[in-house]
Structure formats: C-alpha cells, structure tokens
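**Q** Questions regarding the structure given below will be posed in turn.
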Amino acid sequence: MSAERVRKIVILGGGSAGFLTALTFLRTMPDLAVTMVRSPNVPVIGVGESTTTAVPRYIHEVLGLDRKEFFDEVRPSWKLGIRYEWGAPEDSHFNYTFDPCMEVQLKPLSRVNAFASMADFSDSSPYWALMDRGRAPCMRGPNGSFIADENPGYHIENKTFIAHLERKAVKFGLNIVSGDVVDAARDESGDVTSLKLEDGQEIAGDLFVDCSGFRSFLLREKMEQSYIDYSSTLFCNAAVVGSWKRDDAIRPYTTAETMDHGWCWRIDFEEHVTRGYVFSQEFCSDDEAMREMKEKNPQLGDDLRIVRFKTGRYEKFWVNNVVAIGNASGFVEPLEATALHLVIEQLRLLRLALSDGMYRINPALREVQNQRFAVLWDDVRDFLAVHYKYNRRLDTPFWKHCQNETDLAGAAELVDLYYHAGPSAICDALIPNKTIFGFNGYLTMFVCQRIPTKCVPDLDVEEKQRWEQYRKNIRERAEMNLLTRDALKIVNDPRYRWSRPGV
C-alpha cells in the first residue's frame, strides 16, 4: 500500500466523464481537493445520448442532484427501453424494456415468463405496453395529482448535460484550470506527479484521472497500456449523425433500426430528434451511409457528420496512480447505451477501493478492481455479439458476415445451453455475476430474437389463460398513462415540484 494518503485529485478532461468524476469525489469524499484541467480547444460533441436506469439513480441518489433543476436545465426525456426493429424477419419489432419482463414468474405459471413469451412476447411487461403506445411513465392520480415513475432511463443532450454538471461541480468546490497538457512528470516508481501545461503551469496531484477521451493521454501515451481489440466481435467503426426539429409524438424509448450496413438509432427529445447510423466502413463508404440515412430519413438536413471509433478496452483502467474513466479506458459502440453506465461503474470501483484503502492506493485492491473492470467491459462485448449474430432482419453482405463471423466470445456457452434448454432459470448460472444487463436482459435478447432452441413452450390451458389476462391488464393500465409530450409539459412547468428534492 502506498504510504502517502491521497489528498489531491487531478482530472484531465472536461466531458461528461470528467464532470461525473469530479462530482463523485466532491459529493462522496468532500475532504479531497479536486482540480480539473480542461483544454479550451476541445469542443463538446453535441449529440443526443441515452442512458440505462442506473444513470439517473446515480445522478440523483448518489450525487444528490435535484430532479427539478435537472429537468429545468438539461431537459431530458424518458427512456423506458429500446425498441429493436431487429431479429426475426416475421416480427415487426421487440422491446428491450427497463422493467422486469422475462425473468419474473407470474403465478400460476410453472416457469419464468420467458417461456410464455416464446409464442407471443408483445405486452410482456408494463413498460413494454407503454412503449408500444407512446405513453410516458406518468399518470394522473386521485384528485388530479400527478404521479411520475422515477425508475426509467433518460435521453439527454450532451451539451446541456455537461453544462449542468459543470455548474454543480463548481458550486461544490471544483477548481477548473484551462489549458492544453503537453506532458506529464513521473517519479522513479512510475507515478505521475504533475501535468505540464503549454503555458508553463504544472498541476501537481496524488491521483490522476484520465478523462481525455479517445486520446487517452495518460493511460495510453504515458502509462503505455496495451489495447484489447473487440473488432472480431463488433464490426462497426463509424457513425453518421444528424437531427431534425420535430412536431410529432415523442417516443419514450430509443429506437434501434436495422440498416443495410449496420443499424440506426433514434433518440426523441421534446423539440427535436437525433439520428445516428452506426456502420462498418468495410462494407460501405461514408457517402453510401449518408445516402441510405437520408433516403430513410428525408427530414434530415445537410449538416450530417461522420464520427469514427474503435471498439475495445485497455488491459487495465488503473495503473500506478493513474485511473482512466470513460472513453480514455475503452469504447463499446452505443447499441445498448452503456457509455455513461460504464463510467459510473468505474467510479464505483475507484471510490470503493480508495475508501477501503483508507484513502491510500492499495495495489491489491487496485488489481481486483482492474479484473472487475475487464469483466464488465467484456460482458458488454459478449452481450452485443448476441445482438449481431442473431439479427436476421436483412440479408445484406454485412448482416451475412455478422451471422457467420461474429465471435460470441464469453456468450457462446450460454447460447449453447439455451439451444438445449430454452429460457431455463438455470441459464442464469452462466451469466457473469457483474453483468449490467442481468438475466432479464439476456433472456429478452434470446427469446425476442428467436435464437434457435429445442425448447417448445408447452403451457397448459390455465397458464395460457393467466398469461393472456396478465397482458390484458397491462394494456388497460397503459392506456391510463399520459402521452409523453403531455407529461413533459407538466414536469417542465416552473411550478412543478418533484416529491423527492435534492441539492
């Protein structure tokens, strides 16, 4: 264990990862001094972003940020899950919902609901029914009261999100230094002692957090960490991004639509829609991707832009006294919107190790957290592999390649068990303990993509009747909820107050 107590944190980078890191230390370890070094020449990438349910919980419950202020300044919309226009050609779509769906067991069903869903998975959960009807997780209660479910994920704009986090972080004591980093000084043990700025300043610290994005200045360039490439599993490496102003119904979910050479996301905000076509440059050019994007989305203007990326992770995210958070430690494409979730998982690992190490860097704890980091990221790769290998919506060269060549990696054994046993609860034993998707997530993708299995759902008459009644009740309750636009008008009204205020 390092003899020196960590007293000063230095964060390199001012994006969402950087400010979430700053707020995590400021709110949970307030005795630490936190300084951020941010380049004035790195713009915020203004794209719509979607989250898992864990991100709002972290923002409001761990960081304690007030929901009212958040809605007023960030203007998020709700995300109940992902609508996949994907899988078997005979199905129009399926929903990957953020509420329990497949893994729960309805009485008197003899097995988990996934077995009943194999024949017909529509309206398999409350969120599923809301998604298919464009309804928000909000309803009118007794005497006209307004009830909002606080469990869904968010759709958020990056610029307004970062601006809100920055204002809060400064309020809680963050020191921001503007400048470009040109070098990092290190001592004989390999620890970083200070960041050297272009203007001659040196920013000293005890723990350095690399949030420099894809550049990965400290982890890759200075600590020379090796990179583990995911391209044998995930073939996409670029995206066309655009948006348009909207005046139609707001969808309370992210859409993932199958395209000729990849897939396209749609994220709905109150006033606009963002679209992003994630594709493989091995199968089409930038111009071909833009052309297909515009043909399917004539609302788009000419301000489309290309974003390039490489999927994979570094072997370790924490080396000596350098910790990389977010894109500086790796990148997994946005199909399951895991970017911010992985950031908060990394922060949780870091915070726990520092706390249990009595604010000193304990090498043993550091290595355990590096192992847990690897499991988290590799599980995302494996989960996405299942999406690609079993999407049979289109028969293009790209999708044929995915079906034939995708390496299932850590998911292969689970897929094999599903083939022999179907959605058995025993399948849960083969899922990584630290998966962020849970048993429910895996079952949803297996059942709704109709992955081959010998299992035949054989519900008796009573089970079928109970399942149909359950889904009928869900549909009826969903119709009672407000349309998303109407619900957003209420929560965005200056007079509205959330029942659980923050700071």
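**Q** For region 247-366, which semi-axes, largest first and in whole Å, follow from the square roots of 5 times the eigenvalues of its Cα gyration tensor?
**A** Each semi-axis is √(5λ); the values are 38, 18, 10 Å.
**Q** If you filter region 427-503 for GluC sites (Glu not before Pro), then keep DSSP loop positions with at most 14 other Cβ within 10 Å, what is left? All intermediate terms of the calculation are to be shown ahead of the outcome.
**A** Working: sites: E462, E463, E468, E476, E479; in loops: E479.
Here the GluC sites (Glu not before Pro) that fit, given the DSSP loop and packing criteria, are E479.
**Q** Please give the Cα centre distance for region 368-438 versus region 50-118, rounded to the nearest Å.
**A** Rounded to whole Å, the Cα centres lie 19 Å apart.
**Q** So what does log10 I(q)/I(0) come out to for region 323-380 at q = 0.12, 0.17, 0.20, 0.26 Å⁻¹, using the Debye formula with one equal point on every Cα and no solvent?
**A** -0.28, -0.54, -0.72, -1.07
**Q** Please report, to one decimal in angstroms, the Kirkwood hydrodynamic radius of region 404-503 built from all distinct Cα-Cα pairs.
**A** 17.8
**Q** Under the definition of Cα pairs under 8 Å and six or more residues apart, what whole-number percent is the relative contact order of the chain?
**A** Normalised by residue count, the contact order of the chain is 23 percent.
**Q** On to the next question. Taking the Cα centre of region 83-232 as the origin, how large is its charge dipole in debye, to the nearest 20, when only Lys and Arg (+1) and Asp and Glu (-1) carry charge on their Cβ atoms?
**A** 840
**Q** List the chymotrypsin sites (Phe, Trp or Tyr not before Pro) in region 64-153 that DSSP assigns to loop (not H, G, I, E or B) and whose Cβ has at most 16 other Cβ atoms within 10 Å. Which are they?
**A** On the way: sites: F70, F71, W78, Y84, W86, F94, Y96, F98, F115, F121, Y127, W128, F146; in loops: W86, F98, F121.
Counting only loop positions with at most 16 other Cβ atoms within 10 Å, none of the chymotrypsin sites (Phe, Trp or Tyr not before Pro) in region 64-153 qualifies.
**Q** Also: Please report, to two decimal places, log10 I(q)/I(0) for the chain at q = 0.07, 0.11 Å⁻¹ as given by the Debye formula with identical point scatterers on the Cα atoms and no solvent.
**A** The Cα Debye sum returns log10 ratios of -0.39, -1.00.
**Q** Taking the simple approach of a point 7 Å from Cα along Cα-to-Cβ for both K196 and E4, what is their distance in nm?
**A** Using points 7 Å along Cα→Cβ, the separation is 1.8 nm.
**Q** So what's the Cα pair-distance distribution over region 256-297, bin width 10 Å, in %?
**A** Distribution as computed: 28, 54, 16, 2 percent.
**Q** In addition: Can you compute the helix-only [θ] at 222 nm over the chain? Use -39500 (n - 2.57) per DSSP H run of at least 4 residues, normalise by all residues, nearest 500 deg cm²/dmol.
**A** One gets -10000 deg cm²/dmol as the mean residue ellipticity at 222 nm.
**Q** In addition: Given a Förster distance of 22 angstrom, what is the FRET efficiency for A249 paired with R495, based on the Cβ-Cβ distance and rounded to 0.05? Please report the intermediate quantities before stating the final value.
**A** Details: r = 25 Å, r/R0 = 1.13.
E(calc), rounded to 0.05, equals 0.35.
**Q** Moving on. Under a point-charge model restricted to the Cβ atoms of Lys and Arg (+1) and Asp and Glu (-1), what is the dipole moment magnitude of the chain relative to its Cα centre, in debye to the nearest 20?
**A** It comes to approximately 1320 debye.
Laboratory data are not the source of any read-out in this text; all were calculated from the coordinates shown. In this text the structure is predicted, and so the values were computed from the model without any measurement. Here Cβ is always computed from backbone atoms with ideal geometry, including for glycine, and neighbour counts include all displayed protein chains.
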